[in-house]
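Asker: Sharing a structure with you now.
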Amino acid sequence: MKIKKNDIVLITTGKDRTKKGKVLKSLPKDRKVIIEGLNLVKKHRRPRRAGEKGQIVELPKPFAVSNVKLICPHCGQAARVGYKITGAEKFRVCKKCQSEI
């Protein structure tokens, strides 16, 4: 998967379209990412102990990786990601400015 933790991404579909956020967690098996402060859903939590109140909590839900684009730290644009292999090293490359990410 080409998007990793701590990357800044742009959302391309859904209710949060055109918003930017930082990737908190990458789920490569499911091909999803969790983005900080976006795609929040409300979950009703029941009380666990006697005397405690139930509450409504906002939790971030995962986005499909196909619905986000990586923002290149060099050119600042949303771009596709490629790979370049030099010797024993493999690194990500921005498809727009050809710089290493």
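Asker: May I ask you to list the residues in the range 20-43 that are closer than 16 Å to L59 by Cβ and among the small types (G, A, S)?
Answerer: G21, G37, listed by residue number.
Asker: Do any strands (runs of 3 or more DSSP E) entirely within the range 1-85 hold 1 or more residues that are of a type in the set (A, V, I, L, M, F, W, C), at pLDDT below 95 and over 9 Å from the mean Cα position of the chain (by Cα), and if so, which?
Answerer: It comes to 40-45, 55-60.
Asker: Considering each of V9, V41, V81 in turn, give the residue that is out of contact with any Ser or Thr (no Cβ under 8 Å at 6 or more places or on another chain), exposed (fewer than 11 other Cβ atoms within 10 Å of the Cβ) and of a type in the set (A, V, I, L, M).
Answerer: V41
Asker: Across the range 84-101, what is the number of residues that are in contact with a Lys or Arg (Cβ under 6 Å, 6 or more places away or on another chain) and closer than 13 Å to I71 by Cβ?
Answerer: Going through the range 84-101 one residue at a time, the tally reaches 2.
The values are calculated or read from the model by the stated rules, or taken from the named source; none is laboratory data. Given the structure is predicted, the values throughout are model-derived calculations rather than measurements. Cβ atoms come from the backbone with ideal geometry, glycine included; neighbour counts cover every protein chain shown.
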